[in-house]
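*Asks:* Got a structure here, written out as structure tokens. Questions coming.
Nothing in this text is a laboratory measurement; each read-out follows from the coordinates by a stated rule. Here the structure is a predicted model, which means the values were calculated and not measured. For neighbour counting, all protein chains shown are included, and Cβ atoms are generated from backbone atoms with ideal geometry for every residue, glycine included.
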Amino acid sequence: QNISGEHGLDSNGVYNGTSELQLERMSVYFNEASGNKYVPRAVLVDLEPG
């Protein structure tokens, strides 16, 4: 959730940001799917307690 929000994506994977830089670097964490939606390339899990 944090990464998607930082890149201007809403909960449905639709880009709502205003920065061209965000859109240019979207492919670092997301792949573009049909309907101009973005899906995560990977799931990141922090297993450290606290």
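*Asks:* What's the total number of residues in region 1-16 that are surrounded by 10 or more Cβ atoms within 10 Å (Cβ to Cβ) and assigned to a helix (DSSP H, G or I)?
*Replies:* Residues meeting the conditions: 4.
*Asks:* Output the residues belonging to region 17-50 that are in a loop (DSSP other than H, G, I, E, B) and surrounded by 10 or more Cβ atoms within 10 Å (Cβ to Cβ).
*Replies:* Listed by number, the residues that qualify are Gly17, Ser19, Arg25, Tyr29, Arg41.
*Asks:* What's the total number of residues in region 5-26 that are under 19 Å from Val45 (Cα atoms) and more than 8 Å from the chain's Cα centre (by Cα)?
*Replies:* Of the residues in region 5-26, 1 are under 19 Å from Val45 (Cα atoms) and more than 8 Å from the chain's Cα centre (by Cα).
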